[in-house]
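The values are calculated or read from the model by the stated rules, or taken from the named source; none is laboratory data. The structure presented is a predicted model; accordingly, all values stated were derived computationally and were not measured. We place every Cβ from the backbone using ideal geometry, glycine too, and count neighbours over all the protein chains shown. We work out accessible area using only protein heavy atoms, side chains counted, and drop any ligands, DNA or RNA first. Shrake-Rupley method; radii C 1.70, N 1.55, O 1.52, S 1.80 Å.
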Amino acid sequence: MSLFKATLFSLNTSYSNPQYTRMFLLQTLLFLILLSQNVAQNVLDISNNHSRAILIKPCHVRIQHMDVTTHPDIVIDTHTPHISWQLANEYTDNGHLIREVNQIGYSIRVKNVITDQLMWNTNYVQSSSSSHILYAGIPFTSDTRYTIAIKYYTKKHESQWYTVHFRTGLFSLMDWTGYWIGSNYLNMNQLRTVVSLRSISIESATVFISGVGFYQLYIEGQLIDPSRRLDVGWTTYQQRTLYTSYDLTSVLSKLSARQLGIGIVLGQGWYNQQQWAISLNGRTILAEQYGPPRALMQLNIRYSDGTNQSIITDSTWLGREGEHRFDSVYMGTTMDLRATLTCWSCANFTDSYLPWINASILPSPVNFTAGGQFSLQIMDPIRIGPDALHIATSGRLGHVAGVQGASITDGGVLKPISEDYINGLVFDLGQNFAGWCKLSSLNASRSTIIQMRYAELRYSRGVNGIDFAGLYYENLDSIAVMDTVILNGTGNETFEPLFTSHGFRYLLVNGYNKVSKDDVECYNAHSETTLIGNFSSSSIVLNQIQHNIVWSQLSNSMSLPMGCPQRNDRTGWLGDAGLSADAALYNFDYINFYLNFLTMIKDNQTPDGAISDTVPFMTGFIPADPNWGTAYITITWCLYEHTGDITIIEKYYTGIQAWINLLVDEYTKTGLANMYYHFGDWVPVQKISNNSLVSSYAFLRDVYTFVNMSELLHRTDNVQKYSQFYQQLAEEWHRVFYNLTVNGYTDGSQSANILSLTLPTVVPNHLRTTVLNSLIDSLVNTGYFTGGIISVAALYPLLSNEGYHDLALKLALSTSYPSYGYMFNNQIQNATTTWEQWNSLPTGARSSLNHHMFNSIGAWFYRYLAGIELNALNMITIHPRISYDIDLLNYIEAEVITIKGAVRVKWTRMSIDSMELIVTVPNNLDANILFDPLIKNGQCLKLICDGKDILMRKNRNDKLYWIKDDVHGINDFSENYATGTISIRIASGQYTFMTYWH
Ligand SMILES: *[C@@H]1O[C@H](CO)[C@@H](O)[C@H](O)[C@H]1NC(C)=O
């Protein structure tokens with residue numbers, strides 16, 4: 001399993017390593033020699049340094065993981081933010097990326113914008129570190145604006161200063177002066193006030209606001225931040241409710257009068273949602289009903305004359321039931337357009353007869369006495385449209401030939417690709433996704449009722465004897481998904497549902513037949529993010545799987561990783577979240593999204609360390625199934641691997657240890673042989689006979705990862721304690737699960753053997769080949785993989801690591817049942833998202849067609865097929881795995897835009913015995929490039945970089961010679977004689993390699 005391997009690797013490498021220092025000196029020497037020989041094409045000539053203006057500055061500056069290029073208004077709620085930046089790319093005169101650009105020092109200055117007070121001045125710091133620099137200046141104050149100026153130094157240059165802005169939230173509850181308002185008497189979902197400003201000469205205006213379940217803020221009839229939806233994020237409200245903040249300076253600066261109208265619209269959301277009772281394994285849990293929606297707002301204005309004014313929510317606000325008469329996340333919205341009032345949040349609004357009544361003061365949703373917190377939402381909000389997805393990648397951006405479905409990079413708005421009439425107008429959006437549709441140009445008489453219904457699937461006429469091609473609602477279970485509008489009759493009306501979201505591909509419109517395709521626009525809603533990964537290959541099957549992975553990930557990223565977007569479930573299932581996190585982090589910048597989820601898991605943890613299967617806890621069990629609870633550890637570890645931010649491990653370390661200790665207690669009662677479980681290897685083709693083995697797998701894996709975390713934090717006590725414990729568990733595993741009669745574990749099933757082989761040191765060395773052969777025989781003889789979500793995540797890395805990469809590829813390329821490819825190669829539906837089950841069809845299981853729990857294979861695409869291992873961004877590894885069989889796959893192009901910059905890999909198999917590999921390594925980062933033999937038991941004959949020979953071997957078994965050529969940036973090589981793998985160490989930059997094997 002890559003998780004373990006990568007850890008061991010990252011522990012061995014760091015910038016303070018003396019070996020690195022030696023390397024560094026060697027590089028410098030080499031560099032000087034090259035200069036003196038005047039052959040350094042891609043090195044900048046130092047003597048010309050002064051005549052040539054080199055305008056370099058830090059870029060993609062991040063504060064608390066928020067990239068300023070996508071976050072123009074960064075708000076933080078910590079006194080110790082961490083700061084990261086990228087080193088600018090430098091180019092030679094002929095446009096080539098200059099190699100080996102490394103930082104040797106930096107300076108940071110933080111200032112208060114208003115007072116100009118210098119909060120922090122690092123002066124020159126000699127350091128290669130450009131990520132997660134912890135602020136150590138004067139503590140910040142609430143609602144204050146600051147600038148950070150950053151400059152870095154390389155051996156050759158000093159960058160320009162680069163200045164970015166951020167501001168602070170409200171650090172203390174005492175900073176809040178407003179009241180939560182709403183009503184216990186009526187469905188008060190529109191709230192308004194009019195205030196007199198002291199002046200219209202405004203220096204700054206900042207609003208802090210929360211509304212549960214959901215809120216929208218209006219100023220003078222204008223919706224603030226209109227792409228933002230379903231805000232604030234869903235939490236276990238009594239433990240933590242989130243607030244957000246907007247900079248309203250420009251909005252308020254436009255005012256021409258001192259009267260200001262403010263409006264808030266509230267939705268039930270997850271706060272007063274009728275939570276459907278989910279029956280699971282005989283247990284039914286009803287989630288809490290918190291009460292009516294409520295809002296809290298505080299608008300802090302600073303005038304040009306230096307005076308301040310705070311406008312707050314209180315009982316002088318007026319409220320009524322607005323035109324949205326009903327809203328439910330699950331069931332949809334009912335909107336009565338006859339009740340719409342124009343400009344109801346404007347100062348000049350007058351309404352003489354409609355029942356606006358004073359709002360009531362309601363209690364805070366937070367239970368402060370039980371330790372609850374009211375905190376800033378650090379993750380990005382859910383959005384629709386182009387604002388929802390920023391694009392950091394280059395290249396083919398999902399527009400891969402032959403892939404079915406919509407491209408995620410097309411702006412987030414979907415238009416019907418076809419229309420039809422079956423019991424109403426049926427529109428096909430061509431893509432399964434989460435969100436809703438807007439209807440325009442509605443021209444019908446007053447009180448006309450139009451209904452929209454949504455489904456993932458249409459019945460296929462003629463298949464399985466079905467003679468109906470209407471929408472398939474059966475997999476929505478107990479909910480009837482329906483958005484309803486009652487027209488006002490004023491002509492040319494528009495309807496867009498509010499505070500709801502559906503998972504669908506098909507839209508049915510009833511009650512009005514004059515809707516044309518042009519009048520339908522659908523929005524793909526998800527937590528805002530940046531596309532940072534791109535993966536495409538010579539295989540259309542892999543490309544479609546990748547497409548389905550990114551769409552199902554987005555559909556299920558709704559302020560928390562949700563199990564599914566359509567039926568009466570939609571909960572934060574930990575199992576799903578843990579299994580897809582690695583793939584998700586390769587494709588999307590969801591760092592703060594997952595950090596928010598980890599904090600919710602931590603909030604939810606009971607004093608004895610137990611965590612629940614779902615967070616917020618809606619269904620499932622406490623304590624969670626070990627394979628569900630493992631998400632706590634997996635997500636923490638993945639975030640560290642993808643960012644190198646050690647504070648993430650520090651923050652959750654104690655909670656993780658408490659969870660592991662709870663598992664230890666449970667284990668002590670039962671032993672591994674009877675380890676408790678709730679779900680086992682979920683939705684397999686064939687059930688495994690012993691699910692205790694499956695939950696023991698998560699347990700051992702957690703203990704092992706915890707040892708790695710402890711090493712990173714220098715907790716030698718825990719390293720020793722838990723590594724000894726791991727060895728004890730590994731021995732017990734073999735003792736209680738090994739079954740001589742099947743040459744494998746328990747029932748000898750694929751899953752049992754995969755999980756056993758994946759865990760380090762569980763299978764004794766002398767039996768490893770036997771067990772592996774038994775697994776391979778089963779896969780080859782059966783022709784497919786028989787396990788579920790847990791073992792499939794381990795399957796592909798295991799096969800690639802154990803010399804069966806060709807078999808792994810064959811399984812991944814399969815399109816017959818059961819396989820990923822079958823999901824888009826069957827007579828019912830060509831899936832555009834990942835299914836919940838191998839056979840999620842009307843005639844099979846009535847399950848979801850848009851789940852992310854099977855997305856684990858996406859991590860294998862990046863880690864193994866492209867070979868990009870990020871290793872906490874210390875020294876990355878690029879180790880593409882290539883099949884011996886050239887027909888399986890002969891081309892991969894992948895990129896990941898990391899905190900340090902773009903990692904790109906493109907390999908092309910030229911022939912049986914040769915391959916081209918083009919790699920790009922970001923500045924301030926070294927990489928280890930590994931070349932595996934293209935031929936079984938083969939040896940490297942020659943390695944060429946940029947057209948120059950680097951390594952050569954005359955005859956088989958001769959020594960491989962390193963030709964001391966003039967390729968800058970290549971620093972070291974080694975050959976593994978046992979495997980034939982060649983590894984080369986390179987500095988930042990782009991390199992084109994050719995390898996030849998015999
Ligand atoms: C009321 O105010 C709004 C926004 O400030 C403005 O657009 C509208 O024209 C005004 N209406 C009247 C009747 O003055």
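Summary of values
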read-out	value
Pairs, first of a type outside the set (A, V, I, L, M, F, W, C) in the stretch 212-223, second within 10 Å of the ligand (Cβ to nearest atom) and open to solvent by 10 Å² or more (accessible area, probe 1.4 Å), C-beta under 6 Å, six or more apart	G221/C343
Check on G371, open to solvent by less than 60 Å² (accessible area, probe 1.4 Å) and within 30 Å of N492 (Cβ to Cβ)	no
Hits in the stretch 203-226 - residues which are among the β-branched types (V, I, T) and within 16 Å of the ligand (Cβ to nearest atom)	I219, I224
Condition check for V780: open to solvent by 10 Å² or more (accessible area, probe 1.4 Å), within 22 Å of N739 (Cβ to Cβ) and in the same structural domain as D625 (by TED's automatic domain parsing)	yes
Residue ID - nearest to G322 (Cα to Cα), chosen from residues in the stretch 190-201 that are over 34 Å from the mean Cα position of the chain (by Cα) and more than 16 Å from the ligand (Cβ to nearest atom)	L191
Residue within the stretch 857-873 that is assigned by TED's automatic domain parsing to the domain that holds N556, open to solvent by 10 Å² or more (accessible area, probe 1.4 Å) and more than 21 Å from L917 (Cβ to Cβ) present	no
Counted residues, the stretch 716-729 - those being within 13 Å of Q657 (Cβ to Cβ) and in contact (Cβ under 8 Å) with a residue 12 or more places away in the chain	4
Pair list, Cβ < 6 Å and 6+ apart or interchain, from the stretch 253-274 residues that are away from the ligand (no atom under 16 Å from the Cβ) to residues that are among the β-branched types (V, I, T)	Y271/V212; Q273/V329
Failed item, numbered, when D747 is tested on (1) over 30 Å from the mean Cα position of the chain (by Cα); (2) under 20 Å from L795 (Cβ atoms); (3) open to solvent by less than 30 Å² (accessible area, probe 1.4 Å)	(3)
Residue in the stretch 491-504 that is surrounded by fewer than 16 Cβ atoms within 10 Å (Cβ to Cβ) and either without any contact (Cβ under 8 Å) to a residue 24 or more places away in the chain or in the same structural domain as L217 (by TED's automatic domain parsing) (or both) present	no
Number of the exception - I611 against (1) outside any loop (DSSP other than H, G, I, E, B); (2) crowded, with 24+ Cβ neighbours inside 10 Å	(1)
Test: residue in the stretch 832-854 that is at pLDDT 95 or above, among the small types (G, A, S) and either closer than 26 Å to L639 by Cβ or open to solvent by 20 Å² or more (accessible area, probe 1.4 Å) (or both)	no
Residues satisfying the stated conditions in the stretch 156-185, i.e. of a type in the set (K, R) and at pLDDT below 95	K156
Residue under evaluation T147, criteria (1) closer than 26 Å to K254 by Cβ; (2) assigned to a loop (DSSP other than H, G, I, E, B); (3) outside the structural domain of Y330 (by TED's automatic domain parsing), criterion not met	(2)
Looking only at the stretch 119-144, and only at residues there that are of a type in the set (F, W, Y) and assigned to a loop (DSSP other than H, G, I, E, B), the one that is surrounded by the fewest Cβ atoms within 10 Å (Cβ to Cβ)	Y124
Every residue from the stretch 749-771 that is closer than 19 Å to Q724 by Cα and hydroxyl-bearing (S, T, Y)	S756, T758, T761
Neighbours by Cβ (under 7 Å, 6+ apart or cross-chain): first from the stretch 953-979, over 13 Å from C940 (Cβ atoms) and in the same structural domain as A927 (by TED's automatic domain parsing); second assigned to a loop (DSSP other than H, G, I, E, B) and open to solvent by less than 30 Å² (accessible area, probe 1.4 Å)	H968/A40; H968/V43; H968/R99; H968/E100; G969/R99; G969/E100; G969/A987; N971/A987
Evaluation of N184 against (1) under 25 Å from N592 (Cβ atoms); (2) more than 15 Å from the ligand (Cβ to nearest atom); (3) surrounded by fewer than 19 Cβ atoms within 10 Å (Cβ to Cβ) (one fails), failing number	(1)
Residue identified as surrounded by 15 or more Cβ atoms within 10 Å (Cβ to Cβ), under 31 Å from the mean Cα position of the chain (by Cα), within 25 Å of A894 (Cβ to Cβ) and β-branched (V, I, T) among V967, V921	V921
Condition check for H96: under 19 Å from F171 (Cβ atoms), touching a residue at least 60 places away in the same chain (Cβ under 8 Å) and open to solvent by 60 Å² or more (accessible area, probe 1.4 Å)	no
Selection status of Y237, surrounded by fewer than 21 Cβ atoms within 10 Å (Cβ to Cβ) and out of contact with any helix residue (DSSP H, G or I) (no Cβ under 6 Å at 6 or more places or on another chain)	no
The stretch 668-690 - residue that is surrounded by 22 or more Cβ atoms within 10 Å (Cβ to Cβ) and aromatic (F, W, Y) and, of those, farthest from D589 (Cα to Cα)	F679
Those strands (runs of 3 or more DSSP E) lying entirely in the stretch 306-413 with at least 1 residues away from the ligand (no atom under 16 Å from the Cβ) and more than 25 Å from the chain's Cα centre (by Cα)	308-312, 318-320, 324-328, 332-336
Complete set of residues in the stretch 46-75 that are open to solvent by less than 70 Å² (accessible area, probe 1.4 Å), at pLDDT 70 or above and among the polar types (S, T, N, Q)	Q64, T70
Residues being in a helix (DSSP H, G or I), open to solvent by 10 Å² or more (accessible area, probe 1.4 Å) and not β-branched (V, I, T) - total across the stretch 629-652	4
In the stretch 420-458, the residues that are among the hydrophobic types (A, V, I, L, M, F, W, C), modelled with pLDDT of 95 or more and part of a loop (DSSP other than H, G, I, E, B)	A444
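Let's see how each residue does on (1) without any contact (Cβ under 8 Å) to a residue 60 or more places away in the chain; (2) in a strand (DSSP E or B); (3) not assigned by TED's automatic domain parsing to the domain that holds T500:
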| site | (1), (2), (3) |
| --- | --- |
| E521 | no, yes, no |
| S536 | no, yes, yes |
| N543 | no, no, yes |
| H547 | no, no, yes |
| W551 | no, no, yes |
| S559 | no, no, yes |
